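Working notes, structure below.
Read the figures in this text as sums done on the coordinates, not as results from a lab. In this text, all values refer to a predicted model and were calculated from it rather than measured experimentally. Positions of Cβ are backbone-derived with ideal geometry, glycine not excepted, and every protein chain shown enters the neighbour counts.
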Amino acid sequence: MGNLPASRWEAELLDRSDPIAALRDRFFGDGSGPIYLDGNSLGRQPLATPGRVAGVLEEWRTRLVGGWDEWIERPGLVGDRIGRLLGAAPGQVVVSDSTSVNLYKLASAALDARPSRSVVLADRNDFPTVRYVLEGLVGRTGRELCWVDSDPSEGLSLPAPTSASASGAEVALVCLSGVNFRSGARADLRSVTAEAHEHGALVLWDLSHAAGCVPLDLDGDGVDLAVGCSYKYLNGGPGSPAWLYVRRGLQSELRQPIWGWWGQADQFAMGEDYDPALGIDRFQVGTPPVLGLAAVDAGIEPLLDVGMASLWAKTADLVALLAARVEALLVPLGARIASPSDPSRRGGHLAVAHEQAWSVVRRLIDLDLVVADFRPPDVMRLAPVAAYTRFVDVWDAVERIAGVLGEPLPGGDAPVPPAPPAHGVPAHRSTRGVTSGG
Ligand SMILES: *Cc1c(COP(=O)(O)O)cnc(C)c1O
């Protein structure tokens, strides 16, 4: 973007000239009510989704078990379509299980492929499930987890095998996020992967906060392995199934640890021994979630229709405007941008730190002003999503946040309500928005 809009009217002009503005009309939400800046937790519902899910219900009703003639292909077909958003040629992405389970499957397969190496490198500031899955896995396999300490705002500085205490020759696997869930810091997939490869290690990327948001070129960047969820920027709905990517050249070499019949070469021969399928299907486990797959397919369709380049061009402009407005209105009220200072290292959301972030987010939701979310210790995350957020939404949202930040807290001198505990509370079980999934 040349000049950032300096008024709401200029923001409106940007919306009028936005080449992908029409995408917004393909999602539910009539523009009244709170401004939704939480699409990085749960994407909005596309208008097409109910019909698509109803289509599977109809197939089930009318075709019964005969429906499997077509359903059986869908994990790979939808996977290939997600692959177009990832820069992945067909045959390398499949929809299966949850992100956490896919992390376990691929990390375990990678460790088995590097039996003489003992170390897994991971980021201490990564999303909890990444850390937990790896801790459990190294414990079971007698490996060692070495933490890379990324900067909480700036992200990874030297995200490489040599940056931790381990020597490169010991590293079996490097496991990192493409976009950090809290700060939105974006990693350089190509250079991290190249450096790990120089040391003989494999790299597994969690792209949950990247897929459908930032431009990706998994094939071009030489990426080995990747996983991600489909309910954030891919709009698949709550609990929609995750995806996984395995580079074609690695597929025959890797075996995942869960030997289910959907990963079997000749599945319906019901043979005695497990003999993994050739290709990406060996990373499936059990019967695929056909209803969820239909929702994922509907969720990615608007993105595929315009392509990642135009989505990212708009996202970068939205985030730039957001950052400028936060600097202008919220920083004077004691907030701080907790995302990379270099805009080219930012993903699709901005982290804004403030000591009262939790109560501010709570109040914004209670007053139907803005839906954002809170991440401990003091961060509110603001995600303007290119598919359905307008420039005026960013303009208005920051004004609304400033209004809440600037007012005395309810109850005068009453203490700020305590932040929710960082551990032990399943995020999606708490109340609206504040700590929703991801
Ligand atoms: C949202 C998210 C997940 C989600 O994992 P599930 O198994 O789908 O609950 C995993 N990793 C990262 C980095 C995420 O942001």
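Take the Cα of residue 287, step 7 Å along the line toward its Cβ, and report every residue of the range 233-260 whose backbone nitrogen sits under 17 Å from that point.
241, 260
If you average the sequence gap of Cα pairs under 8 Å that are 6 or more apart and divide by the length of the range 50-304, what percent do you get for the contact order?
Details: 495 pairs, mean separation 62.3, N = 255.
Normalised by residue count, the contact order of the range 50-304 is 24 percent.
Between the alpha-carbon centers of the range 284-304 and the range 333-369, tell me the distance in whole angstrom.
Computed from Cα coordinates, the inter-centre distance equals 31 Å.
Per the Cauchy relation, a quarter of the hull surface: what is the mean projected area of the convex hull of the alpha carbons in the range 159-295, in nm²? Working shown, then result.
Details: hull surface 39.3 nm².
Quarter of the Cα hull surface area: 9.8 nm².
So what are the radius of gyration and Dmax for the Cα set of the chain, in Å?
22.0, 71
Roughly how far apart, in whole Å, are the Cα centres of the range 6-28 and the range 265-279?
Here the answer is 51 Å between Cα centres.
Restricting things to alpha carbons, find the Rg to Rh ratio for the range 50-304 using the Kirkwood radius for Rh.
0.98
Measuring from centroid to centroid over Cα atoms, what is the spacing of the range 70-112 and the range 168-242 in Å?
Distance between centres, Cα-based: 13 Å.
If you build the Cα gyration tensor of the range 1-123 and take the root of 5 times each eigenvalue, what three semi-axes come out, in whole angstrom, biggest first? Write out the running numbers ahead of the final one.
On the way: eigenvalues 268, 157, 39 Å².
Over the Cα atoms of the range 1-123, the ellipsoid semi-axes are 37, 28, 14 Å.
Using only alpha carbon pairs under 8 Å that are at least six residues apart, calculate the relative contact order of the chain and give it in whole percent.
Rounded, it is 21 percent for the chain.
At a Förster distance of 22 Å, what's the computed FRET efficiency of residue 69 paired with residue 273, Cβ-Cβ distance as r, to 0.05?
In this case the efficiency is close to 0.25.
So, counting K/R as plus one and D/E as minus one, what does the shell of residues with Cβ under 14 Å around residue 218 add up to?
Values: positive: 84, 190, 247, 248; negative: 80, 188, 206, 217, 219, 221, 224.
After counting each charged neighbour, the total is -3.
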